[in-house]
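To start, the structure itself, in structure tokens.
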Amino acid sequence: MLIINTLKRILKWIVVAFFASTILSVIALRFIPVYFTPLMFIRMVEQVKEGRELKLSHHWVPLERMSPSMPVAVMGSEDANFLKHHGFDFKAIQNAVKRNREHPEKNKLGASTISQQTAKNVFLWPGRSWLRKGLEFYFTSLIELFWSKQRIMEIYLNSIEMGEGIYGVEAVAQEHFGIPAETMSREQCALVAATLPNPRRFSSKHPSAYMQKRQRQILLNMKYVKAFPQRGQDK
């Protein structure tokens, strides 16, 4: 009985420590730039194992120093309802489930929102396990509770993988276009957004015909996406 009670107390404190540490981390990152993510370290370990040259290109910039077309482009590509939902687009999930069931021979259609991708990039690791999905749900709920939509977008555009060893819009703008992120054109923003399903396979520096086709579709989608609000405005 003593052992069982001791284990219960230990488990209780583990649970308390988990919730306290994760909530405090989310609150802190509401104000602190995210300079490193778990994926960055994972990719560097992969580079070492494969004998490749280490590469980590990442330059944090505030949302105000990004092209205003960049948030619109990723919404047009990844999450058109970003400003409307609270972390999860249940209609998109239903459509993805229906499409994957009706066309199992095609590539699986995902329905992850920008909020979900941000939670995964900043706090978790790549994978499809139920544990990781559960933690993704938890962290997505937390960032939607404690962060503004502007902060979620700012961290997303600073942490997303955008090429081999390239993370964030400032790094990809400098490496692929030779300019800062704030001067990127609408077309360049759409091209970068077009690569996001698989940025290590698709390149915004040397776009294939398929990438150019996706770019055109995203530019079309952007016409129907609400302009992204400035910081301090209503969601």
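The values are calculated or read from the model by the stated rules, or taken from the named source; none is laboratory data. As the structure is a computational prediction, the values presented were derived from the model and not from experiment. As a convention, Cβ positions derive from the backbone with ideal geometry for all residues, glycine included, and neighbour counts pool all protein chains shown. What goes into the accessible areas is simple: the full protein's heavy atoms, side chains included, and nothing from ligands, DNA or RNA. Shrake-Rupley method; radii C 1.70, N 1.55, O 1.52, S 1.80 Å.
Would you check if L142 is more than 18 Å from H85 (Cβ to Cβ) and at pLDDT 95 or above? Criteria not met by L142. Out of all the residues in region 11-33, is one or more among the hydrophobic types (A, V, I, L, M, F, W, C), part of a loop (DSSP other than H, G, I, E, B), at pLDDT 95 or above and crowded, with 17+ Cβ neighbours inside 10 Å? Yes; the residues of region 11-33 include at least one that is among the hydrophobic types (A, V, I, L, M, F, W, C), part of a loop (DSSP other than H, G, I, E, B), at pLDDT 95 or above and crowded, with 17+ Cβ neighbours inside 10 Å.
Filtering K55, K84 for residues that are in contact (Cβ under 8 Å) with a residue 60 or more places away in the chain, among the basic types (K, R) and not in a helix (DSSP H, G or I) leaves a single hit, K55.
Return the residue satisfying two criteria in turn: it lies in region 213-234 and is more than 12 Å from V72 (Cβ to Cβ) and in contact with a Leu (Cβ under 8 Å, 6 or more places away or on another chain), and of such residues it is least open to solvent (accessible area, probe 1.4 Å). Restricting to residues being more than 12 Å from V72 (Cβ to Cβ) and in contact with a Leu (Cβ under 8 Å, 6 or more places away or on another chain), the top hit is Q215.
The set of residues in region 180-210 that are surrounded by fewer than 24 Cβ atoms within 10 Å (Cβ to Cβ) and either hydroxyl-bearing (S, T, Y) or in contact with a strand residue (DSSP E or B) (Cβ under 8 Å, 6 or more places away or on another chain) (or both) comprises T183, S185, L196, P199, R200, S203, K205, S208, Y210.
Within region 65-87, the only residue that satisfies the criterion of being of a type in the set (D, E, K, R) and either touching a Phe, Trp or Tyr at 6+ places or on another chain (Cβ under 6 Å) or at pLDDT 95 or above (or both) is R65.
For region 119-132, how many residues are closer than 12 Å to L39 by Cβ, modelled with pLDDT of 90 or more and either in a helix (DSSP H, G or I) or open to solvent by 60 Å² or more (accessible area, probe 1.4 Å) (or both)? Residues in region 119-132 being closer than 12 Å to L39 by Cβ, modelled with pLDDT of 90 or more and either in a helix (DSSP H, G or I) or open to solvent by 60 Å² or more (accessible area, probe 1.4 Å) (or both): 4 in total. Residues in region 133-156 that are outside any helix (DSSP H, G or I) and not aromatic (F, W, Y): S148 only. Checked against (1) at pLDDT below 90; (2) in contact with a Leu (Cβ under 9 Å, 6 or more places away or on another chain), N107 meets all criteria but (2).
Of all residues in region 133-172, those that are open to solvent by less than 10 Å² (accessible area, probe 1.4 Å) and without any contact (Cβ under 8 Å) to a residue 24 or more places away in the chain total 1. A search for C-beta distances below 6 Å between a residue of region 1-29 that is over 18 Å from F137 (Cβ atoms) and among the β-branched types (V, I, T) and any residue that is at pLDDT 95 or above and surrounded by 10 or more Cβ atoms within 10 Å (Cβ to Cβ), counting only pairs 6+ apart in sequence or on different chains, returns I27/F146.
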